[in-house]
Amino acid sequence: MTEIFSQLFDSRAKARLIKFFMLNDKHEFSFSEVVQKNKMSAAHINRELARFEKMKMISGRVRKGRRYFHTNRDFIFYPELKSLVIKSNTMPECRSLSRIKNLGRVKLALISGVFLNHPKGRADLLIVGDELSKAKLKHLLETMEAEVGKEINYSLMNSEEFKYRTDMLDKFIMEFLEGPYEEIVCKVPNLKEIANRRK
C-alpha cells in the first residue's frame, strides 16, 4: 500500500493526471483526449497511464482500435484521493492565471468555483474587458483546464455590458460578488460598493 501511495505523488505531472481522473470520474476518455486535455506529451502520458492501470487506479479498454480509460472507483485509495483533490485549493497550481492580463484591455478578472474549492459558485472565472483576443482566451482556457483538471465555467463581457448589468443589480453578477472570489485583475475602483448594493 505504501508503495502505491509513494508512486502516486512523485511528480507534478502525475498529480495533474490524478486530479484529472478524480474530477472526471464519471467519464471515459480516449488516449488522445487525455493527451489533449492535460497538455502533456503522449509518451509521458502513456507511461503514467500504464502505471495507473498496473496499480488499478484506472481501467483501460480497447474499442475499434482506440484505447479508452476511466477512473476505477474500486481503487483502494479512491475515496481518500477524491476527497483530497476536491478539498485542495487549485489556485496555487494554476500558473497560467497571470496570463489573463495579456488577453487585451482587461478591466476585471475574478476567480471562484473550482479555483477556490467553492462548488456552489456561479462561475469559475469572470472576465471583463475590451478588445480581448478570443484566440488567446481559447488557448489560455485549455491550459488552465489542464492545470486544474476540469472544464472551466467562465463568463466574458465587455465594460459596457458589465456596467449595465451591475446598474441593474444583475443576479449572476451580484451572486458572484457575494460569494468567495479572488482578484487577478481589478481596475474597477468601486467593486466592493457594487457587491454591497443588494445588502
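The numbers here are math on the coordinates, done by the rules we state, and not lab data. All values reported here derive from a predicted model rather than from experimental measurement. We place every Cβ from the backbone using ideal geometry, glycine too, and count neighbours over all the protein chains shown.
Using r as the Cβ-Cβ distance of GLU142 and ARG51, and R0 as 22 Å, what FRET efficiency do you calculate, to the nearest 0.05?
Values: r = 25 Å, r/R0 = 1.14.
So, using R0 = 22 Å, E works out to roughly 0.30.
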- Note on the structure: At the level of C-alpha centres, the distance separating segment 111-178 and segment 48-88, in angstrom, is 30 Å
- Extension gain ASN102-TYR68, at 0.36 nm per residue separation less the Cα-Cα distance, in nm? 8.6 nm
- Note on the structure: Farthest towards the positive end of the dipole of the chain, among ALA50, MET22, MET144 and with Cβ unit charges of +1 on Lys and Arg and -1 on Asp and Glu, lies the Cα of ALA50
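Could you give the length gained on full extension between LEU169 and GLU182, defined as 0.36 nm per residue of separation minus the Cα-Cα distance, in nm?
Values: separation 13, 0.36 × 13 = 4.68 nm, distance 2.04 nm.
This chain segment gains 2.6 nm when fully extended.
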- Computed on alpha carbon atoms, what radius of gyration and Dmax characterise the chain, expressed in Å? 19.3, 58
- Message: Taking every DSSP beta bridge with both residues inside the chain, roughly what % is antiparallel (nearest 5)?
- Response: 85 percent
- Message: I need to check one value: relative contact order of segment 75-148, counting alpha carbon pairs closer than 8 Å and at least 6 residues apart, in percent.
- Response: 34 percent
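Please work out whether segment 102-199 counts as rounded, prolate or oblate from its C-alpha gyration tensor, where a ≥ b ≥ c are the square roots of the eigenvalues and a/c under 1.5 means rounded, while otherwise a/b larger than b/c means prolate and anything else oblate? Please report the intermediate quantities before stating the final value.
Numbers: a/c = 2.13, a/b = 1.26, b/c = 1.69.
Because a/c hits 1.5 or more and a/b fails to exceed b/c, segment 102-199 counts as oblate.
ARG61: net charge of surrounding residues, Cβ under 13 Å, Lys/Arg +1, Asp/Glu -1, itself excluded?
Values: positive: ARG63, LYS64, ARG66, ARG67; negative: GLU28, GLU53.
Neighbourhood net charge equals +2.
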- Please state the charge dipole magnitude for the chain, taken about the Cα centre, from unit charges on C-beta atoms (+1 on K and R, -1 on D and E), reported in debye and rounded to the nearest 20. 440 debye
- Query: Fully extended, how many nm does the chain gain between LYS14 and SER133 (0.36 nm per residue separation, minus their Cα-Cα distance)?
  - Reply: 39.7 nm
